[in-house]
Amino acid sequence: MMYDIIYFYNQFVGPLPDTYDEFVTSWYSMFPSVFDTKVCSFTADYFGKTILGKVFEKCQADKRLKDVLSFRFDLKNGFVNYHGAELLSHAHEAAYDAYMTGFAFAKILKYKEIDAVYQANKLQKVAGRKKKGEAQQALPDPNQSKNQPLDFTAPFAAAALNRVMMNQFDNCACFHMNPAKPDKGAQSIADRQKDVVWIKFTPEAGVAEASAETIASLFSAYGDFYVFKDSRHSVILNFYYIDKDAVESKSPEGFVAAM
């Protein structure tokens with residue numbers, strides 16, 4: 001989704017700012033509420049696959065999801081393309097993806113809103129059993145919020161707000177779209193990348209056929225690192241120790257300066 005946001009900005013707002021911080025500050029001033037269905041489906045902890053088509057199908061058929069929210073179509077004015085039997089015949093139209101996205105987004109948020117009430121009731125029942133002899137409070141009915149407007153203040157919706165998927169396999173690291181609320185997963189990746197250096201050699205260096213081990217020997221005096229050859233003429237060094245005798249600051253920046 002981040003590519004879509006960047007493309008949208010570049011086409012309809014202006015040239016992309018030089019830094020991400022400048023970009024996200026500008027974006028947030030115009031669009032303070034952004035949701036990514038990838039983040040919603042992944043953090044819902046209910047979808048095995050988070051590809052839009054699979055999420056959409058589950059939202060249609062799954063017993064916990066299909067009845068939480070119903071959709072009305074403006075049939076009076078001829079907007080019938082995605083209603084009932086007409087739906088599949090228009091499956092490859094440009095607007096179909098937008099329809100699936102909105103459908104899945106609303107279903108997931110409503111499902112999690114209802115599920116939060118179920119979970120709270122469960123905890124309340126357990127707590128009530130521990131207090132024998134005391135009258136139990138009447139518990140709220142989760143079904144009361146079915147087919148009601150989405151509550152964007154609910155915990156799940158609030159947690160997903162302004163998070164755009166970066167890497168779902170790394171603590172669900174996200175791009176933060178609110179400059180005041182950096183994403184912890186993304187920050188963790190950024191912290192790890194502080195020890196990473198990318199080196200590009202000139203063709204004359206003669207490393208095109210060299211192994212990663214051979215290239216590593218060129219820099220072994222500077223410390224210990226993992227080396228990854230990412231092309232015929234470039235490598236990535238991921239330092240886990242930098243020798244102070246070779247680089248006084250013991251930092252990747254110091255290593256680059258020494259080079």
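Please treat every number below as a calculation from the coordinates, not as lab data. Small disclaimer: the values here were computed from a predicted structure and weren't measured. Counting neighbours? That spans all protein chains shown, and the Cβs are built from the backbone with ideal geometry, glycine included.
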> Relative contact order for the stretch 35-161: what is it in percent, counting Cα pairs under 8 Å that are at least 6 residues apart?
Replying inline: 31
> Over the stretch 194-258, how many percent of alpha carbon pairs lie in each 5 Å bin up to the one with the longest distance?
Replying inline: 4, 18, 31, 23, 16, 7, 1
>> Students often check this: by mean Cβ neighbours within 10 Å, which of 222-228, 95-101 ranks highest, and how do the rest follow?
In response: 222-228, 95-101
>> Set the bar at 21 Å for Cα to Cα. Now go through LYS122/LYS181; LYS38/LYS107; LYS38/LYS194; LYS49/LYS122; LYS107/LYS181; LYS54/LYS181 and name every pair that lies beyond it.
In response: LYS122/LYS181; LYS38/LYS194; LYS49/LYS122; LYS107/LYS181; LYS54/LYS181
>> For the chain, what does the relative contact order come out to in percent, with C-alpha contacts under 8 Å and a separation of six or more?
In response: 17
>> Please list the three semi-axes, largest first and in whole Å, of the ellipsoid equivalent to the chain, using sqrt of 5 times the eigenvalues of its alpha carbon gyration tensor.
In response: 48, 27, 18
> Put +1 on the Cβ of every Lys and Arg and -1 on every Asp and Glu Cβ in the chain; which of ILE215, ALA61, PRO203 then has its Cα farthest towards the positive end of the dipole?
Replying inline: ALA61
> With a sphere of radius 9 Å drawn around the Cβ of MET1, what net charge do the other residues whose Cβ falls strictly inside it have (Lys, Arg +1; Asp, Glu -1)?
Replying inline: -1
> Of GLN148, VAL34, ILE189, which is farthest along the charge dipole of the chain in the positive direction, counting Lys and Arg as +1 and Asp and Glu as -1 at C-beta?
Replying inline: GLN148
>> With +1 on the Cβ of every Lys and Arg and -1 on the Cβ of every Asp and Glu, and nothing else charged, how large is the dipole of the stretch 35-161 about its Cα centre, in debye rounded to the nearest 20?
In response: 760
>> Need the list of aspartates and glutamates near LYS229 for cross-linking: C-alpha distance under 15 angstrom, and skip anything on the same chain fewer than eight residues off.
In response: GLU209, GLU213
>> Under the √(5λ) rule applied to the eigenvalues of the Cα gyration tensor, what semi-axes describe the equivalent ellipsoid of the stretch 35-161? Give them in Å, descending.
In response: 34, 16, 12
